[in-house]
Structure formats: structure tokens, C-alpha cells
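The values are calculated or read from the model by the stated rules, or taken from the named source; none is laboratory data. Everything numeric in this text was worked out from a predicted model, so none of it was measured. Methodologically, a virtual Cβ is constructed for each residue, glycine included, from the backbone with ideal geometry; neighbour enumeration extends over all protein chains shown.
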Amino acid sequence: MSESNQFPEIIIAKWSERFFAWLIDFVIISVISTIAISSIFGSIDYDFNEKFFWAEMTQFIPTSVIFFGYWVILEYLKGQTIGKKILNLKITNMHGKKPDLKGVIISSFGKAFLLPIDVGLGWIFTNEKRQRIFNKIGDTIIIKIKNPNSNINDIKYKKD
């Protein structure tokens, strides 16, 4: 048996693919949240003063909560958001199987509320699994889907 057939491989998604999946999700949820927030709070007048700052802050918190809910629900139930599905990516645990709810919540929290810090520290302290800090804490990875029905017991990690 050749080495490539000895262990199933998990293809770790590229940072660029993950970014484009996030960007697709960002656009979708931003449009939805802007419509929802403006229908609840009315339109926000963006004149550049203290009122503008507080208007931005009041929109940031509910939008982040919407992002958080979107990621937790879709990634826990399906393993994929719309962006990940389009780019053939999936969130899994470290063994390529469905992540537990705790791991998805931790990973989603980092994306929804602390993304620049999460990604920045992930790049600085990157490892072979290309994890953001909150992926690492939640024991999750983002993989490229090749064969979603394979039985994974022993794993050989491979960068795409």
C-alpha cells in the first residue's frame, strides 16, 4: 500500500479560499442585517459627529450577533455556510468529522466579534492546520471537500 493510500488525507483549505467564503457570507449577512436593522431602528443619518459614532456602534453589535447566529447554526447543522458551500469548504473537528457545538460556538465567536485579532494571531502563530486562534481553541479546522463520505480514522494532513 502506498503512503498516500495508507492514511486518509484531509486537505486544509487555503487562507485565500477561506477569505472568499467569508466575503460571500459577509455580503449576504450585511445586506440582510442592514435591511433588518433599518426596519427596526429606522434609517441612520450618517453625518460625521458623535451621533455618527454611536449609530455605527449600535449597528455593529446587532450585526455581529446576526453573523454569530448565522455561523453557529449553519456550521453546526450543515458544516457549511453559503460561502463555504460555494467554495467547497467545510468546518470539521480535527479528525475530519462533524465538530461539536462548543467548537462551532468558539470558532464563530472569533469570526463574529474579534476577526482581525483572531486572523492576525492565527497568521503569526500559524501551524500546519491553518487555524485561526478561535479555530485552535475550538478544535476545528476548515477543509476542502474532496470526498465527504470517506471514513476517516487515521489522518494525514496536507496543505492545498
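With respect to the conditions (1) surrounded by fewer than 18 Cβ atoms within 10 Å (Cβ to Cβ); (2) touching a residue at least 12 places away in the same chain (Cβ under 8 Å); (3) farther than 14 Å from Phe26 by Cα, Gly120 lacks only one, and its number is (2). Scanning region 4-33 for residues that are modelled with pLDDT under 90, over 24 Å from Asn93 (Cβ atoms) and exposed (fewer than 15 other Cβ atoms within 10 Å of the Cβ) turns up Ser30, Val31, Ile32. The set of residues from region 92-113 being assigned to a helix (DSSP H, G or I) and touching a residue at least 40 places away in the same chain (Cβ under 8 Å) comprises Ser108, Phe109, Lys111, Ala112, Phe113. Taken residue by residue, region 114-137 has no member that is closer than 14 Å to Ala21 by Cα, in contact with an Asp or Glu (Cβ under 8 Å, 6 or more places away or on another chain) and in a helix (DSSP H, G or I). Once region 101-117 is narrowed to residues that are of a type outside the set (A, V, I, L, M) and farther than 15 Å from Lys136 by Cβ, the residue that is surrounded by the most Cβ atoms within 10 Å (Cβ to Cβ) is Phe113.
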